[in-house]
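Working notes, beginning with the structure itself.
Every number here is computed from the coordinates shown, using simple stated rules; none is lab data. Nothing here was measured: the structure is a model prediction, and the numbers come from that model. FYI the Cβ positions are ideal-geometry reconstructions off the backbone, even for glycines, and counts take in every protein chain you see.
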Amino acid sequence: MMRKGRVRIVNIIRITFAAVCFLAATTTQASASYQMNRLDFLSGDGQSCALHLNNAGQAVGYSVTYNEITNDTRGAFLWDRTSGMVDIRVEGQFDLPGGMNNNGQVVGTAVPDYGRSTGVLREANGELIQLNPLPEGGRDAFAYALNNNGWVVGTSNNYAVLWQDSVVAQMIGGTSTSYSYATDINNNGRISWVESLHENGQWTRTRSYVWSQGSNTLLQPLTAGQNCQAEAINDSGIVVGSSGTHAVAWDTDGSIIADLGIGTAHGINNHGLIVGTAGDSAWLWSIDGTFSVNLGALAGAGMPSEARDINDFGQIVGGAGYNEYQNMEAVLWEPVPVPVPEPSSMLTLVSLTTGFAAFFRRRRS
């Protein structure tokens with residue numbers, strides 16, 4: 001008799017656990033939903049796209065307003081919830097936006113009417129600091145990304161470079177016959193960079209590397225000879241980008257740890273969530289392959305969208321087509337909050353448990 005009683009109790013626990021799993025499953029499913037928010041334009045309409053996002057919820061990107069009479073008006077914007085979209089472009093001194101860090105510093109490029117382009121660091125207070133190029137060569141320099149220590153990466157004289165301060169550019173990779181540029185840097189000083197090879201009088205293919213403390217690791221392609229394009233690196237040293245036509249993630253030893261299918265990965269956060277574009281749609285992937293989410297578009301089916309960056313809170317920025325011309329508008333995707341089970345749901349769970357217990361008591365009597 002005691003054994004039968006224990007069996008009934010175990011059955012009640014199992015049924016209760018199943019009910020809890022059901023509620024948890026519905027909650028997990030809801031957490032995969034994202035809400036798209038339009039970030040607007042600097043002036044009128046035209047095209048805009050958010051390129052990078054920090055953990056404070058600030059985004060940086062570009063906005064272009066079309067005007068057939070006065071020509072196009074171009075701007076580099078900084079966006080946050082309080083101020084909205086603010087133009088931070090200073091003509092000839094800060095023209096093309098690059099990345100930003102959690103301290104509100106932004107990097108970009110100055111493109112004067114005459115003379116060479118140079119990398120620029122914009123401090124959180126708006127001060128602009130010019131980044132000195134490599135001393136030899138006399139070619140343009142561009143700044144593309146920076147970490148929370150204020151270290152900046154980009155290209156100078158066709159080499160991938162690191163600026164640990166504004167005075168000295170350190171060459172990290174490339175040759176005199178190739179074109180190389182750094183795409184991202186993590187907070188541990190590891191840098192992803194790309195080399196475009198010039199062979200037999202033509203540009204042939206691209207290879208990608210990770211630089212760390214003076215040494216470089218080659219990122220392996222899915223298939224030998226494919227183009228490899230590194231786009232971003234997180235603090236664990238995981239790199240994302242593309243190999244051939246597939247979005248991929250590389251481990252710290254250069255081997256591929258995730259083939260995400262046809263597309264390109266543009267960003268990865270410190271929790272292993274990856275964003276990018278597949279076909280004409282923005283996508284979110286998990287690095288372990290447990291889920292993928294089509295983030296959707298503004299104007300319905302058939303309209304393009306692209307995801308460019310994701311922060312550690314799961315917020316995503318990019319652009320989405322908004323009119324019949326498929327012009328893009330900067331957007332922010334935010335995860336829908338995971339719902340706490342409502343009292344009615346909890347009451348249902350309690351009722352189920354109580355009902356099953358009463359049923360077994362009646363059967364016992």
Gly189 fails exactly one of the following numbered conditions: (1) on the phi > 0 side of the Ramachandran plot; (2) surrounded by fewer than 14 Cβ atoms within 10 Å (Cβ to Cβ). What is the number of that condition?
(2)
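Looking only at segment 61-106, how many residues end up being assigned to a loop (DSSP other than H, G, I, E, B) and under 23 Å from the mean Cα position of the chain (by Cα)?
At the first step, the residues of segment 61-106 found to be assigned to a loop (DSSP other than H, G, I, E, B) are 66-72, 81-83, 88-89, 91-93, 95, 101-105.
Now narrow it down to the ones that are under 23 Å from the mean Cα position of the chain (by Cα): 81-83, 88-89, 95, 101-105.
Qualifying residue count, segment 61-106: 11.
Name the residue, out of Ala124, Ala56, that is surrounded by fewer than 19 Cβ atoms within 10 Å (Cβ to Cβ), farther than 23 Å from Asn157 by Cβ, aliphatic (A, V, I, L, M) and free of Cβ contacts under 8 Å to residues at least 24 places away in the same chain. If you could, list the steps in order and put the result at the bottom.
Numbers: Ala56 fails: free of Cβ contacts under 8 Å to residues at least 24 places away in the same chain.
On inspection, the qualifying residue turns out to be Ala124.
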What do you reckon, is Thr245 more than 22 Å from Asp312 (Cβ to Cβ), touching a residue at least 12 places away in the same chain (Cβ under 8 Å) and more than 21 Å from the chain's Cα centre (by Cα)?
no
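State whether one or more residues within segment 307-318 are under 11 Å from the mean Cα position of the chain (by Cα), closer than 12 Å to Ala50 by Cβ and either in a loop (DSSP other than H, G, I, E, B) or without any contact (Cβ under 8 Å) to a residue 24 or more places away in the chain (or both). Show your work before the answer.
Initially, segment 307-318 is screened for residues under 11 Å from the mean Cα position of the chain (by Cα), giving 307-312, 314-318.
Applying the additional criterion that residues be closer than 12 Å to Ala50 by Cβ yields 307-311, 315-318.
Next, only the ones that are either in a loop (DSSP other than H, G, I, E, B) or without any contact (Cβ under 8 Å) to a residue 24 or more places away in the chain (or both) stay: 311, 315.
Scanning segment 307-318 turns up at least one residue that is under 11 Å from the mean Cα position of the chain (by Cα), closer than 12 Å to Ala50 by Cβ and either in a loop (DSSP other than H, G, I, E, B) or without any contact (Cβ under 8 Å) to a residue 24 or more places away in the chain (or both).
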Members of segment 192-229 that are surrounded by fewer than 15 Cβ atoms within 10 Å (Cβ to Cβ) and either in contact with a helix residue (DSSP H, G or I) (Cβ under 9 Å, 6 or more places away or on another chain) or of a type in the set (Val, Ile, Thr) (or both):
Thr204, Thr223
Filtered residue count, segment 143-185, keeping only those that are part of a loop (DSSP other than H, G, I, E, B), touching a Phe, Trp or Tyr at 6+ places or on another chain (Cβ under 6 Å) and polar (S, T, N, Q)
2
